[in-house]
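In what follows, a single structure is set out as structure tokens and then discussed.
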Amino acid sequence: MELTAAPISLGADMHALVSNLYPICRSITGDGFRDTLWYIQKMLPLELHEVPSGSRVFDWTVPNEWNIRDAWIANDAGKRVVDFQSHNLHVVNYSAPVRRRMSLEELRPHLYSLPEHPDWIPYRTSYYRESWGFCLTHRQLQSLPDGEYDVCIDSTLAPGHLTWGELVLPGESSEEVLLSCHSCHPSLANDNLAGMAVATYLARRLAERPRRLSYRFLFIPGTIGSITWLALNRAGVGRIKHGPVLSCLGDRGSLTYKRSRRGDALIDRAASHVLRHSGEHTLLDFVPYGYDERQYCSPGFDLAVGCLTRTPNGKYPEYHTSADDLDFVTPEHLAHSLCACEAILDVLEHEAHYQNLNPYCEPQLGKRGLYDGVAGKRELPSMELALLWVLNQSDGEHGLLEIAERSGLEFNVIHNAATALRKTGLLELCGRHGARS
Amino acid sequence: MELTAAPISLGADMHALVSNLYPICRSITGDGFRDTLWYIQKMLPLELHEVPSGSRVFDWTVPNEWNIRDAWIANDAGKRVVDFQSHNLHVVNYSAPVRRRMSLEELRPHLYSLPEHPDWIPYRTSYYRESWGFCLTHRQLQSLPDGEYDVCIDSTLAPGHLTWGELVLPGESSEEVLLSCHSCHPSLANDNLAGMAVATYLARRLAERPRRLSYRFLFIPGTIGSITWLALNRAGVGRIKHGPVLSCLGDRGSLTYKRSRRGDALIDRAASHVLRHSGEHTLLDFVPYGYDERQYCSPGFDLAVGCLTRTPNGKYPEYHTSADDLDFVTPEHLAHSLCACEAILDVLEHEAHYQNLNPYCEPQLGKRGLYDGVAGKRELPSMELALLWVLNQSDGEHGLLEIAERSGLEFNVIHNAATALRKTGLLELCGRHGARS
Amino acid sequence: MELTAAPISLGADMHALVSNLYPICRSITGDGFRDTLWYIQKMLPLELHEVPSGSRVFDWTVPNEWNIRDAWIANDAGKRVVDFQSHNLHVVNYSAPVRRRMSLEELRPHLYSLPEHPDWIPYRTSYYRESWGFCLTHRQLQSLPDGEYDVCIDSTLAPGHLTWGELVLPGESSEEVLLSCHSCHPSLANDNLAGMAVATYLARRLAERPRRLSYRFLFIPGTIGSITWLALNRAGVGRIKHGPVLSCLGDRGSLTYKRSRRGDALIDRAASHVLRHSGEHTLLDFVPYGYDERQYCSPGFDLAVGCLTRTPNGKYPEYHTSADDLDFVTPEHLAHSLCACEAILDVLEHEAHYQNLNPYCEPQLGKRGLYDGVAGKRELPSMELALLWVLNQSDGEHGLLEIAERSGLEFNVIHNAATALRKTGLLELCGRHGARS
């Protein structure tokens, strides 16, 4: 994986996209989510889909649409001491409307702060139990004197729609790679504007190149979005052969890949291979908690979907707080994440089983111009070693990725060796990767 | 495993039982063994069984009954310099009778001591080759002047019986857990009065609770006892699905489990799981040496029987010496061992495969009161995580223990989650554990 | 493996053989190779085989025969500044004839030296692309003044033959062990005169003892030799069940075994076992680079052939240089390598599956004289433990090597236990090793 290959400018472009989307107050439904997709549509021919509130999707019901105009807590003097206008994390996301005067004592159960990070505002939600609340810095909370407060959340919870964005890039094969990112968080930069930015630019670049596989991008609200999509697209789910959920791809940490429920699907092996050759990284086993891989990997579907992040959810102090801001993500790390995605997709594109057409002893590579003339040196160049590995293992049973893993060489070196051998007629394609049918 | 759960008083009770049985001179046959079982019968409705000496049991013959009244070595002055009355380890167990006057030189080949532990009396036996001897401290041995000695072992080796104690606690299922402990050692506290005490109190507690499985307790002489039992109960051996041999359960070391010959039987996985969650511990592969698991795991039977100890046989200096005394075992460690046994049996009782009846995406746990309302926090409570694990893995192929192992959560947390999910109708029992039939 | 068992004198004999063959200028064809085999024929009834130049062998063509009489570079004064007579590595092996006067500038592309080892002459070859060149120490190279030089390589490249030596030692079974060593290198002591010496003395010793298996020794030119042999012996290749390629067996490093392509063939497990019990050692996975295992393990053949060396090719600085000389190999290390070979072959000879004829409980070993009488000691002698292991595992499914591996005991201890148990009628042979048919 040549991680420096992506133009530096792409990192800056992705960071600009994150910055532009950052101020919008998104939720799982409503105008904030819709505005976000409209913005991305300027860059990408996303299709928008909507289902009405109240629709049944498996065990769930599509919730009402939430929209918010303003919210505040004001003191006796009429001064806003907590103000949605200054940061949209100040309101518990999906809060029911409220307009009351109440004592600090009555208000307190509706207030959330982080004593261990007294300057950060936490991010809290209350989607499926009607409730309301405010999030504030612990310093703010401690500075509130006893007394009466005016509390206002000028929101609506009413029948409307759940919205998502979808883009399919068809390839030679109808087999699909699913790239799914939750897009429902308000002003949080890494989780998940970073994932959305990487997905957007990945789609733009994939659109411009030949594709063996088809690619399906989903920009959805977390949990209810993937459940809704799966419920409405159940017939087509079998086409999905691989898929990384994309999230938290802009922070300064190293890459992390969490395996799918299957654990050894091609996407798992491809991502592991790329990360192993990318320097410091972390590989995690599947856990049925995290992002929408929870739904894709539910036992009825059991899709080969893992999750690619940098530092994973819950593992950085800034997670789900106002400190996950525009400084927390960098152009360099966004660009690095994009390169890793592309390297993983390259493995999926090129993975194949070949048959060595000259399986009895090695063929004479020298007479085909593939081997150096003067011999006796201590070490073989890695391209020559890759040729020997591909020839030795290509009995139809070992795919290129397995050969790369066994040899310790990078997938692209093995793939290039296979391409050179095909050109000389020594190798024949005999099957694509062994994805579970 | 909540190891502090067992009432502290149980530890004291077990230590009292060890103390009461300690003075008896047991052997593989004879009154010492019988007296021991009669004492345990006060606490437990043990059935006593006997087979006559000379009975053929597989490749072996039940040996004569050994009884001993007295034994000594006396010097010229008539003073007993080695005296069975002061410690029953002084006689090589199962020694043939002898009454002779002999020089120290003649006597020496019959004397056993431990130069590396000069104040300890070793424990030696000579069951299957007629012989006699004395064990003494090395200091005693060195203090013996040359000269003539009167040697007396007032024992009998005569046709009689081999005795064992047996108790069956029937459960809903005829599938059995075998709990076997050798009970033939004389004054040795850890090996194996500790194992016998734990077995006794485990049986008392199991007798008072509902049981899915049946439990068979055996108090037998080592080697010849299990061989005899297996020979006489060959038809019923197939009912034994699991079993830990219990031994050395009172010393201050941490727990050790030695796997069965199969290595991956449910008992092996259950014991490994419990020990892994119990702090410091040791897991050992099967070795065809040790206690009666040698016979249960002989290739013709190949039962799923491992061995639970604290410090295992041969691995503590006091092993098979007079230093394995009442101070060497503690009430606390006996109680801790009992708790570990119960936690292992809990796994066996509750291991099952379930089917998630809502396998397409996660069910909405919140509306069933199983999930917290306000979300966004960094970490999920372990009960909620357990619910997700059970739902995700319950496709009928993964048992609860496997889910516990994969999730890193304790079995009882996973079991409680499964119970809660069954109550809401989200889960259905589809099979008990995969014991080899 | 009792590595000190081989008579010390054998090490001296092997070193003498290396010394006698060292001066000969071998190549993949020609008189040097033939002279070498004739010398070995004094010790071993090798059969010599020849195929004419131009013969097609799989993808290759047998090359012309190369013979060389003299070669030098002389300065203006007529003084030889590089002289084949002083070291045969000075000529690029298989160099085409040349007789020219040329400037140092013109000559330079034909000169090879090692700047990092300025006193060593490198070993270079140019077999399959017609070329010529000289190898010299870097110090020599740097001392050459500009000017004109007389260059002469008095060699011939002409139709002739490719030669190899072969010896079959038939055993009770037609199943074969292949012992192959490349014999084409000129004055290089470890690579591979050491391998040839070990093969020679191994064959002499095997010839004198009863053999269950048949043994086939090949002394061949590297690469083209094994390709030629495989092409001409394709029908008989199926008889080869095991085989270590022997090379670099005289240096002071510890033993290294590189596994066959299969990775878990009996030869792989046998060699790993012997090395694990031999002290410091290295086990390597298969790589399709190295010696003739490349051909034997090509996917069309996939023979169970690994490679036994001390320090492997390319992993010592002296590799393929004039520093791989007679001081670089020692009698002691040659003898140690021979012992390791014999221990590996012992495993192949004796590997078998047995059936315990008394599978229900342990048999009473004491009454058969196989077990000590007075019991109770801390540890069992390893012979008694081996008896228990063999009895416990001999259900027909586990071979002796697997039992040795599981028990941690050496193969010969396990084999001796099995032999003792067979004599008492407790064990019955039920199958030889599970080599792939």
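Can you tell me which residues in segment C:154-189 are touching a Cys at 6+ places or on another chain (Cβ under 6 Å) and charged (D, E, K, R)?
Start the filter on segment C:154-189 by keeping residues that are touching a Cys at 6+ places or on another chain (Cβ under 6 Å), which leaves C:186.
Passing the criteria: none in range.
Please count how many residues of segment A:71-93 are under 16 Å from A:Thr156 (Cα atoms), free of Cβ contacts under 8 Å to residues at least 60 places away in the same chain and over 29 Å from the mean Cα position of the chain (by Cα).
Qualifying residue count for the region: 0.
Report, by residue number, each residue of segment B:1-32 that is within 29 Å of B:Ser53 (Cα to Cα) and either at pLDDT below 95 or out of contact with any helix residue (DSSP H, G or I) (no Cβ under 9 Å at 6 or more places or on another chain) (or both).
Scanning segment B:1-32 gives B:Gly30, B:Asp31.
Take the residues in segment B:246-269 that are out of contact with any His (no Cβ under 8 Å at 6 or more places or on another chain) and either hydrophobic (A, V, I, L, M, F, W, C) or free of Cβ contacts under 8 Å to residues at least 12 places away in the same chain (or both), then tell me which one is farthest from the other protein chains (Cβ to nearest Cβ).
It comes out as B:Leu246.
Testing A:Ala96 on (1) within 14 Å of chain B (Cβ to nearest Cβ); (2) outside any loop (DSSP other than H, G, I, E, B); (3) over 24 Å from the mean Cα position of the chain (by Cα), one condition comes back false. Which one is that?
Only one criterion in (1) within 14 Å of chain B (Cβ to nearest Cβ); (2) outside any loop (DSSP other than H, G, I, E, B); (3) over 24 Å from the mean Cα position of the chain (by Cα) is unmet by A:Ala96, namely (2).
In segment B:336-356, which residues are assigned to a helix (DSSP H, G or I) and polar (S, T, N, Q)? Explain how you work it out, then say what you get.
Just the residues of segment B:336-356 that are assigned to a helix (DSSP H, G or I), to begin with: B:336-350.
Correct list: B:Ser337 only.
Pull up segment A:69-88, narrow it to residues that are of a type outside the set (S, T, N, Q) and out of contact with any Phe, Trp or Tyr (no Cβ under 7 Å at 6 or more places or on another chain), then point me to the one that is nearest to the other protein chains (Cβ to nearest Cβ).
So the first thing to find is which residues in segment A:69-88 are of a type outside the set (S, T, N, Q), and the list is A:69-74, A:76-84, A:87.
Narrowing further to those that are out of contact with any Phe, Trp or Tyr (no Cβ under 7 Å at 6 or more places or on another chain): A:69, A:76-79, A:81, A:87.
Values: A:Arg69: 22, A:Asp76: 28, A:Ala77: 30, A:Gly78: 29, A:Lys79: 27, A:Val81: 22, A:His87: 15 Å.
Restricting to residues being of a type outside the set (S, T, N, Q) and out of contact with any Phe, Trp or Tyr (no Cβ under 7 Å at 6 or more places or on another chain), the top hit is A:His87.
Which members of segment A:330-355 meet the condition of being crowded, with 23+ Cβ neighbours inside 10 Å and within 14 Å of chain C (Cβ to nearest Cβ)?
Selection gives A:Tyr354 alone.
Being outside any strand (DSSP E or B) and more than 11 Å from the chain's Cα centre (by Cα) narrows it down to one residue among B:Tyr201, B:Tyr215; which is it? Before you say what the answer is, go through the steps one by one.
Numbers: B:Tyr215 fails: outside any strand (DSSP E or B).
The match here is B:Tyr201.
Can you confirm whether segment C:219-230 contains a residue that is more than 14 Å from every other protein chain (Cβ to nearest Cβ), in contact with a helix residue (DSSP H, G or I) (Cβ under 9 Å, 6 or more places away or on another chain) and closer than 29 Å to A:Gly366 by Cα?
The first filter runs over segment C:219-230 and keeps only residues more than 14 Å from every other protein chain (Cβ to nearest Cβ), leaving C:219.
Okay, now just the ones that are also in contact with a helix residue (DSSP H, G or I) (Cβ under 9 Å, 6 or more places away or on another chain), so C:219.
Of the ones still in play, those that are also closer than 29 Å to A:Gly366 by Cα are C:219.
Yes.
For segment B:290-301, name all the residues that are closer than 16 Å to C:Ser394 by Cα and surrounded by 18 or more Cβ atoms within 10 Å (Cβ to Cβ).
Passing the criteria: B:Arg294, B:Gln295, B:Tyr296, B:Cys297, B:Ser298, B:Pro299, B:Phe301.
Of the residues in segment B:179-213, how many are closer than 29 Å to B:Thr125 by Cα and of a type in the set (Asp, Glu)?
Matching residues across segment B:179-213 total 1.
Can you name the number of the only condition in (1) surrounded by 24 or more Cβ atoms within 10 Å (Cβ to Cβ); (2) under 20 Å from A:Ala304 (Cβ atoms) that A:Leu230 fails?
(1)
So if I check each of B:Ser174, B:Ser155, B:Ser180, B:Ser187, which one is surrounded by 18 or more Cβ atoms within 10 Å (Cβ to Cβ), touching a residue at least 40 places away in the same chain (Cβ under 8 Å) and assigned to a loop (DSSP other than H, G, I, E, B)?
Working: B:Ser174 fails: surrounded by 18 or more Cβ atoms within 10 Å (Cβ to Cβ); B:Ser155 fails: assigned to a loop (DSSP other than H, G, I, E, B); B:Ser180 fails: assigned to a loop (DSSP other than H, G, I, E, B).
Exactly one of B:Ser174, B:Ser155, B:Ser180, B:Ser187 is surrounded by 18 or more Cβ atoms within 10 Å (Cβ to Cβ), touching a residue at least 40 places away in the same chain (Cβ under 8 Å) and assigned to a loop (DSSP other than H, G, I, E, B), namely B:Ser187.
Return the residues of segment B:233-244 that are in contact (Cβ under 8 Å) with a residue 24 or more places away in the chain and within 12 Å of chain C (Cβ to nearest Cβ); say none if nothing qualifies.
Within segment B:233-244, just B:Val237 meets the criteria.
Mind listing whichever residues of segment C:44-79 are assigned to a strand (DSSP E or B), of a type in the set (D, E, K, R) and surrounded by fewer than 17 Cβ atoms within 10 Å (Cβ to Cβ)?
Answer for segment C:44-79, where residues must be assigned to a strand (DSSP E or B), of a type in the set (D, E, K, R) and surrounded by fewer than 17 Cβ atoms within 10 Å (Cβ to Cβ): C:Glu47, C:Glu50, C:Arg56, C:Arg69, C:Asp70.
Only one of (1) more than 14 Å from chain C (Cβ to nearest Cβ); (2) within 22 Å of A:Gly431 (Cα to Cα) fails for A:Asp327. Which number is that?
Answer for A:Asp327: the failing condition is (2).
Could you give me the residue pairs with C-beta distances under 8 Å whose first residue belongs to segment B:114-142 and is acidic (Asp, Glu), whose second residue is crowded, with 18+ Cβ neighbours inside 10 Å and not in a loop (DSSP other than H, G, I, E, B) wherever it lies, and which are 6+ apart or on separate chains?
B:Asp119/B:His138; B:Glu130/B:Leu157
Contact list please: Cβ distance under 9 Å, first residue in segment A:380-406 and of a type in the set (Ser, Thr, Tyr), second residue surrounded by fewer than 21 Cβ atoms within 10 Å (Cβ to Cβ) and part of a helix (DSSP H, G or I), pairs at least six apart or on different chains.
Hits for this filter: A:Ser382/A:Val413.
Which of the following residues is among the β-branched types (Val, Ile, Thr), surrounded by 24 or more Cβ atoms within 10 Å (Cβ to Cβ) and within 14 Å of chain A (Cβ to nearest Cβ): C:Val305, C:Val287? It would help to see each step written out before you state the result.
Details: C:Val287 fails: surrounded by 24 or more Cβ atoms within 10 Å (Cβ to Cβ).
Checking each option against the conditions leaves just C:Val305.
Can you tell me which residue within segment A:255-284, out of those that are out of contact with any helix residue (DSSP H, G or I) (no Cβ under 6 Å at 6 or more places or on another chain) and aliphatic (A, V, I, L, M), is surrounded by the fewest Cβ atoms within 10 Å (Cβ to Cβ)?
Residue satisfying both the conditions and the ranking: A:Leu284.
If you scan segment A:393-425, which residues turn out to be surrounded by fewer than 19 Cβ atoms within 10 Å (Cβ to Cβ) and either touching a Lys or Arg at 6+ places or on another chain (Cβ under 7 Å) or closer than 21 Å to C:Tyr296 by Cβ (or both)?
A:Asp395, A:Gly396, A:Glu397, A:His398, A:Arg406, A:Thr424
Which number in (1) on the phi > 0 side of the Ramachandran plot; (2) out of contact with any strand residue (DSSP E or B) (no Cβ under 7 Å at 6 or more places or on another chain); (3) not β-branched (Val, Ile, Thr) marks the one condition that B:His320 misses?
Condition (2) is where B:His320 drops out.
For segment B:132-148, enumerate the residues that are assigned to a strand (DSSP E or B) and crowded, with 20+ Cβ neighbours inside 10 Å.
To start, the set of residues in segment B:132-148 that are assigned to a strand (DSSP E or B) comprises B:134-135, B:148.
Answer for segment B:132-148, where residues must be assigned to a strand (DSSP E or B) and crowded, with 20+ Cβ neighbours inside 10 Å: B:Phe134, B:Cys135.
The values are calculated or read from the model by the stated rules, or taken from the named source; none is laboratory data. Keep in mind that this is a model prediction, so the values were computed, not measured. Reconstructed Cβ throughout: ideal geometry from the backbone, glycine too, with neighbour counts over all protein chains shown.
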